[in-house]
């Protein structure tokens, strides 16, 4: 038997999306490349790629309608983010994430960038979210890669 290569039936196609569009992994040399890898991680439910998006100081901020009777913001750190998203990836079979417009960008500080992106997220065709995501990025000067330090979810309910 002559083998020309190995094929892993469990690996996703090489970035092939519906309609023949492609999505590839990047080196994260810019915040846009980080968001491309973020989208890749969701579409292919790839926890390993997802875990490489974040700085160790990462915090996720979200609106909790149950806080104080009228609602308020709450947060969690990197460990909870990775556990929660890993469970999400294992629970649902299909994600569609589309980054839309960049509605704000702040590059005032060297090595730090803040972006506000609009997004649409479909989870297995049953759940739909849209809104804004506010990301803070930090550049790692040792390897010139960018990572997310803060993500504030401003989904529309």
- Note on the structure: With Cα springs under 10 Å, the Gaussian network model of the chain assigns the largest mean-square fluctuation among 93, 55, 64 to 64
- State, as an integer percentage, the relative contact order of the chain based on alpha-carbon contacts under 8 Å between residues 6 or more apart. 21 percent
- Gaussian network model of the chain, Cα springs within a sub-10 Å range: biggest mean-square fluctuation belongs to which of 40, 50, 29? 29
- Calculate the spin-label point distance for residue 155 paired with residue 75, positioning each point 7 Å from the Cα along the beta-carbon direction, and give it in nanometres. 2.0 nm
- Note on the structure: Debye calc, one equal point scatterer per Cα of the chain, no solvent, log10 I(q)/I(0) at q = 0.08, 0.15 1/Å comes to -0.26, -0.87
- Distance between region 20-70 and region 107-145 - C-alpha centres, whole angstrom: 7 Å
- Query: Spin-label point model (7 Å from Cα, Cβ direction): what's the residue 92 to residue 134 distance in nm?
  - Reply: 2.4 nm
- Query: Which three extents, in whole angstrom, do the alpha-carbon atoms of region 80-141 cover along their principal axes, largest first?
  - Reply: 40, 25, 15
- Please give the FRET efficiency for residue 24 paired with residue 120, using the beta carbon to beta carbon distance and R0 = 25 Å, rounded to the nearest 0.05. 0.75
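Where a number appears in this text, it was derived from the coordinates with a stated rule and is not lab data. Predicted, not measured: the structure shown is a model, and the values here were computed from it. FYI the Cβ positions are ideal-geometry reconstructions off the backbone, even for glycines, and counts take in every protein chain you see.
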